[in-house]
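Enquirer: First the structure, which I've put down as C-alpha cells, then a few questions once you've had a look.
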Amino acid sequence: MKRISLALAAGSMILLGGATACSSAAAGSATPDAVAKAAVGAQTGAQSGTQPGTQDGTPEVIAAAAQVQVPPGAKRVATFHGEGVQIYGCTNGAWTLIQPAAIMSEGDKAVALHSKGPVWTSTVDGSTVAATAVPGKAVQHADAIPELLLKADQTTGKGVFGDVTYVQRLATKGGLAPKGSCTAGQQTATPYSAEYAFWAGGN
C-alpha cells in the first residue's frame, strides 16, 4: 500500500499508514500550491464487501437541519470525517476563500482527500466527485463555516464517489476567515473539521 502525504504549509497534516497527525499555523505569504500541495498516490488493495460506515456496512447517520436535507429518493452511500484547513487569500482588503485542504477519514483510516473545486478524491479506489453548493441550502454558524448541501457536477470512476449526486457538509467546527482587514498578497489557513455525507440518487 502506498503512503499518502498531504503537506500543508499552514497546517502540516501527514498520513502514514492511516494515522493522521495535524498541527496548524498561519500560512503567511505562501502560494496556494505551497499551502496545500497534495501528493496523492492511489492507495490500492483489497476492498471490503461492505459500504463505508458502520460495521454492518450501513453508512453512519448524522443529523442534518431541514435547510440541508437531500431530495427524496437519495440513498446515503458513505459518511466520512473531514479535518484540515480552509485557505484564504486577501482580495481588495478582505479575506476570500481560495480552497479547502482536508483529509477524509473513516474511523482511524484515511480514505479520501478534499481539495479545490470542491473535489473529493478517494485514495482507496481513485473515484472522484466535484460538487457545487446549492443556493439557499445552508446553515450559518457564528463560530464555524456553514453547513451546506452540495449537488454533484461531475464524477469519475466506479468507486465510492462514482455515483454520488449530493454531498452534505455537516457538524462544522472552525474554518472561518480571520476578522478584520488584510494586505494584498497575504494568505492564511484556518483549521476546521466537518462530517461529510455522500448520497446517490434523488430527484
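Read-outs: derived from the displayed coordinates by stated rules, not from any lab. Note that this is a predicted model, so its numbers are computed, not measured. As a convention, Cβ positions derive from the backbone with ideal geometry for all residues, glycine included, and neighbour counts pool all protein chains shown.
Enquirer: Which entries in 75/173; 151/179; 75/151; 137/158; 116/151; 75/109 show an alpha-carbon gap greater than 21 Å?
Expert: 75/173; 151/179; 137/158; 75/109
Enquirer: For segment 133-195, state which trypsin sites (Lys or Arg not before Pro) are in a DSSP loop and have at most 15 other beta carbons lying within 10 Å of their beta carbon.
Expert: Hits after loop and neighbour filter: 158, 179.
Enquirer: So between residue 61 and residue 184, what do we pick up on full extension, going 0.36 nm a residue minus the alpha carbon distance?
Expert: Here the answer is 40.0 nm.
Enquirer: Run the dipole for segment 89-203 about the Cα centre, Lys and Arg Cβ at +1, Asp and Glu Cβ at -1, nothing else charged, and hand back the magnitude in debye, nearest 20.
Expert: 240 debye
Enquirer: Stretched out fully, how many nm does the piece from residue 141 to residue 203 gain, at 0.36 nm a residue minus the Cα gap?
Expert: Between residue 141 and residue 203, full extension yields 19.5 nm more.
Enquirer: Taking a spot 7 Å from the Cα of residue 132 along the direction of its beta carbon, which residues of segment 151-169 have an amide N less than 13 Å from it?
Expert: 151-154
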